[in-house]
Amino acid sequence: MFALRLLAVALVVAMALVPAEAKRCEMRDKKEIWKHNGGRFVNEPSGSRNWVEYNNDGDVQAKFTLQQRQGNQVVLTDSKRNLKLLLQDDLCAANQDGGSQFSQLYQGEWIKVMDCT
């Protein structure tokens, strides 16, 4: 709920600062930011294969590479730690043994982003 309020405020501020000739901004569900209580995973730069995990203070916790994107699921890998993360609509799960079983790590959600292209 807080995220939606924050997003609404950001939209109002963005609309006030945009010159009249700017393109129209729209909310997009691009699956580029996944938020949980302790931080977030962000696709940086947008549309790339690079993902960064930040804590709530904005400090980098880990870096990942996109392995697969399918529907509402994103699979990230950290080859240095032999770690795979599965990001879904409501949870983040981890696999560190190379098998097919994942264990829930966090509860969270995808965050919609503003697209002004």
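The values are calculated or read from the model by the stated rules, or taken from the named source; none is laboratory data. Source: prediction; values computed, not measured. We place every Cβ from the backbone using ideal geometry, glycine too, and count neighbours over all the protein chains shown. Just the protein is used for accessible areas: all its heavy atoms, side chains included, with ligands, DNA and RNA removed. Shrake-Rupley method; radii C 1.70, N 1.55, O 1.52, S 1.80 Å.
On the basis of being under 16 Å from Lys30 (Cα atoms), at pLDDT 95 or above and of a type in the set (D, E, K, R), does Glu53 make the cut?
Values: under 16 Å from Lys30 (Cα atoms): no; at pLDDT 95 or above: yes; of a type in the set (D, E, K, R): yes.
In short, no.
Here are Gln96, Gln88, Gln101, Gln61: which of them is modelled with pLDDT of 95 or more and open to solvent by 90 Å² or more (accessible area, probe 1.4 Å)? Explain how you work it out, then say what you get.
Values: Gln96 fails: modelled with pLDDT of 95 or more; Gln88 fails: open to solvent by 90 Å² or more (accessible area, probe 1.4 Å); Gln101 fails: modelled with pLDDT of 95 or more.
Going through Gln96, Gln88, Gln101, Gln61 in turn, just one is modelled with pLDDT of 95 or more and open to solvent by 90 Å² or more (accessible area, probe 1.4 Å): Gln61.
I'd like the full set of residues that are of a type in the set (Ser, Thr, Tyr) and buried (at least 16 other Cβ atoms within 10 Å of the Cβ), limited to segment 68-85.
As a first pass, look at segment 68-85 and keep what is of a type in the set (Ser, Thr, Tyr): 77, 79.
Scanning segment 68-85 gives a single hit, Thr77.
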